[in-house]
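Undergrad: Here it is, the structure in full.
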Amino acid sequence: MLEKIHTDNAPAAIGPYSQAIAAGDFLFTSGQIAINPASGQVEESSIEGQTHQVCKNLHAILKAAGTTPDRVIKTTCFLADMKDFAAFNAVYATYFPECPARSCVAVRQLPKDVLVEVEVIAAK
């Protein structure tokens, strides 16, 4: 059975998708970008600021689903510029100290021209 997960503490979907789907013992989040859920806007312009907001959004979704960051199995990270890799890692590591499996790739462009997007798979 699939369960849609939604919280007002993370940005509403900007397309035809859910913030996350719980399937059995697993949670799959949609990619999160640096939208502040309170304003609905991208407020940060640096990779560090955007990464903080992305991780806060992901943590809110994990909480809404009844799980925690230490139960994250895998993340997929998309960067607009691989030159931001070290700065991204410095912030990311503070939110995911358990070091889940991860893929990190550079992409040509992200929604709303943000610098970073991250999705997670977690155990419930």
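Undergrad: Give A38, A13 a once-over and let me know the one that is of a type in the set (A, V, I, L, M, F, W, C) and open to solvent by less than 90 Å² (accessible area, probe 1.4 Å).
TA: A13
Undergrad: Can you tell me which residues in the stretch 102-124 are within 16 Å of L58 (Cα to Cα) and in a strand (DSSP E or B)?
TA: Those that are within 16 Å of L58 (Cα to Cα) and in a strand (DSSP E or B): R102, V116, E117, V118, E119, V120, I121, A122, A123.
Undergrad: Going by what's in this entry, would T29 be described as closer than 25 Å to N89 by Cβ, crowded, with 19+ Cβ neighbours inside 10 Å, in contact with a Leu (Cβ under 7 Å, 6 or more places away or on another chain) and modelled with pLDDT of 95 or more?
TA: In short, yes.
Undergrad: Give the residues of the stretch 55-82 that are in a helix (DSSP H, G or I), touching a strand residue (DSSP E or B) at 6+ places or on another chain (Cβ under 8 Å) and either among the polar types (S, T, N, Q) or within 12 Å of H6 (Cα to Cα) (or both), sorted by residue number.
TA: Of everything in the stretch 55-82, those that are in a helix (DSSP H, G or I), touching a strand residue (DSSP E or B) at 6+ places or on another chain (Cβ under 8 Å) and either among the polar types (S, T, N, Q) or within 12 Å of H6 (Cα to Cα) (or both) turn out to be N57, L58, I61, L62, A64.
The values are calculated or read from the model by the stated rules, or taken from the named source; none is laboratory data. Source: prediction; values computed, not measured. Cβ: placed from backbone, ideal geometry, glycine included. Neighbour counts: every protein chain shown. These accessible areas exclude ligands, DNA and RNA; they are computed on the full protein's heavy atoms, side chains included. Shrake-Rupley method; radii C 1.70, N 1.55, O 1.52, S 1.80 Å.
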